[in-house]
Amino acid sequence: MTIKVGIAGARGLSNIEGFQAIPDVEVVALCDLHEGLLKEQSARFNIPRTYRIYEDMLESDLDAVVVATPMQVHFQQTVQALEAGKHVMSEVTAGVTMDELWWLKEAAERSGKVYMMAENYCYIPQNQQIAEMVRQGLFGDIYFGEGEYLHDIKHLASGYNRQVPGDQTGASKTSWRNYWQLGKRGSFYPTHSLGPVMQWFEGDRIKSVSTFGTGWHTAPQFRQEDTTITLCQLESGKLIKLRLDCISNRPHNAAYYTLQGTKGCYEAPRGLGDEHKIYLKSEGDHSDSAAWRPLSDFREYLPKRYREASEEQKSAGHYGGDFFIVQDFIDAVRNGTKPPIDVYDACEWTAVALLSELSVMNGGRQMEMPDFRKAGGYKDQVIKL
C-alpha cells in the first residue's frame with residue numbers, strides 16, 4: 001500500500017529526497033502561506049497538490065503529515081493531524097509551553113498514531129557511531145556529556161525564514177524568530193545538542209535543569225543572552241552540559257559533542273582542520289602518554305546502513321541522516337512500532353528549554369523535570385520551585 005505524505009511548511013522539503021527514495025511512498029501535498037515559495041517548490045519536486053490552508057490539506061486522503069512550520073505552531077498542527085487520523089513527524093521543538101507538552105503526550109496516546117520528533121542531529125553518522133560504541137561498552141561507564149549549538153542567527157530576526165530568489169516581500173517584517181527564539185531567555189533550542197547525548201545515555205532520564213547566562217554584550221536589543229549554559233542532572237546522577245549561543249560573532253559550530261566514560265572519551269571537531277576523535281584507555285596506559293585517535297579508525301562501529309549508504313541516500317542531507325530519519329518514521333508507520341524519537345523523548349527534550357527559561361530568570365535555580373512517561377497527565381505532576 002502506498003503511503004501518502006503531506007508536508008506543512010516548505011522548509012520541510014529538506015527531507016523530501018528521503019521520502020521520494022522509499023518505495024511505495026509519495027509526497028502528494030505541500031502547504032505553505034508563502035504563495036511564491038509554494039509554487040516554486042511544488043514545481044521543483046513535482047508535488048501535485050498545494051494548499052495555503054492547513055486544515056484543507058488535513059481533509060485530503062493523506063496517511064502522514066510532516067510538520068515543518070515555525071516552532072510556535074508545531075503543537076497545534078500536530079494535534080490537528082493526529083485527531084484527523086494522520087501519522088506525524090514534527091520538526092523541533094515539540095511545543096513552546098509546558099501545557100502544550102502535556103496536551104501533546106495525551107493526544108499522541110489517545111490517537112494510536114505514530115508521532116515522531118524529527119531531531120535530525122541524532123542521525124548524524126558520527127553520533128550514531130558513538131551510540132553503537134557506547135552500547136558495546138568501549139567507553140566503560142559513561143557519566144558526562146556535552147552538546148553545543150553555536151549559530152549566529154541575529155540576521156533572521158526579520159524577514160521570512162526563506163525567500164524565493166529576488167522576492168523581497170516581507171523582508172523587513174519582524175520574524176517569528178525574533179520572539180520565539182531571540183526573544184526568549186534560557187536554552188530555547190536545546191534538542192540538537194541534547195538529543196544525541198540523551199541517546200548515548202539510553203534508558204536514563206533528565207531529573208533537573210539549571211541554566212546560567214552571560215548577560216547581554218553583543219546585541220542587547222534581544223532578550224536572549226549571548227551564551228547560556230544549561231546543566232541537566234540525570235536520574236542516575238550523571239551530568240549533561242549544554243551551551244547555546246545564537247548571538248555571538250563567531251563561526252558556526254552547531255554539532256559539537258563530547259562524551260566521557262571510565263574507559264575513554266570522545267570529542268567532535270572544533271574547527272580549523274580538527275576531526276572527530278576518541279581516546280580509549282589501554283592496559284598499563286599512563287595518562288602522560290594518552291593520545292587521541294581519529295574516530296574513522298573505528299569505522300566498523302558505524303551502523304551498517306550508513307556504511308552502505310548510496311549516493312542518493314547521502315544526498316538527502318546531514319550526511320545521510322535526513323534519509324534515515326524518514327526511513328525510521330515510515331517503518332514505524334508501516335509496522336506499528338515505536339519510533340526512535342517518540343512523544344516522551346520529544347516532551348522531555350523540549351521541556352529543557354521551558355525549564356531553563358524559568359531557571360535562568362531565577363538565578364540558575366534547579367528546576368525539576370516532570371516524568372512524561374508516567375501514566376496520567378499534568379494533574380499528577382508537580383514542578384517544584
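Count, please, the residues in the stretch 87-133 that happen to be touching a residue at least 40 places away in the same chain (Cβ under 8 Å) and either in a loop (DSSP other than H, G, I, E, B) or among the aromatic types (Phe, Trp, Tyr) (or both). Number satisfying all stated conditions: 15. Selection over the stretch 297-330 of residues that are of a type outside the set (A, V, I, L, M, F, W, C) and either surrounded by 13 or more Cβ atoms within 10 Å (Cβ to Cβ) or in contact with a Ser or Thr (Cβ under 7 Å, 6 or more places away or on another chain) (or both) gives a count of 16. Screening Gln168 with (1) open to solvent by 50 Å² or more (accessible area, probe 1.4 Å); (2) part of a loop (DSSP other than H, G, I, E, B); (3) modelled with pLDDT of 95 or more gives one miss only, at (3).
If you go through the stretch 240-269 and keep only what is in a strand (DSSP E or B), more than 15 Å from the chain's Cα centre (by Cα) and among the hydrophobic types (A, V, I, L, M, F, W, C), you end up with Ile240, Leu259, Cys265. Residues in the stretch 219-245 that are buried (at least 17 other Cβ atoms within 10 Å of the Cβ), more than 16 Å from Glu348 (Cβ to Cβ) and polar (S, T, N, Q): Gln224, Thr227, Thr228. Based on what the data block shows, is Pro339 at pLDDT 95 or above and open to solvent by 20 Å² or more (accessible area, probe 1.4 Å)? The answer is no for Pro339. Selection within the stretch 115-163: residues that are hydroxyl-bearing (Ser, Thr, Tyr) and within 29 Å of Ser175 (Cα to Cα). The member of this set that is surrounded by the fewest Cβ atoms within 10 Å (Cβ to Cβ) is Ser158. Looking at the stretch 246-267, which of the residues that are touching a Gly at 6+ places or on another chain (Cβ under 9 Å) and among the small types (Gly, Ala, Ser) is most open to solvent (accessible area, probe 1.4 Å)? The selected residue is Ala255.
The values are calculated or read from the model by the stated rules, or taken from the named source; none is laboratory data. Quick caveat, the model's predicted, so the values are computed rather than measured. So basically every Cβ, Gly included, is an ideal-geometry build from the backbone, and we count neighbours across all protein chains shown. Side chains are part of the model used for accessible areas, which takes the heavy atoms of the whole protein and leaves out ligands, DNA and RNA. Shrake-Rupley method; radii C 1.70, N 1.55, O 1.52, S 1.80 Å.
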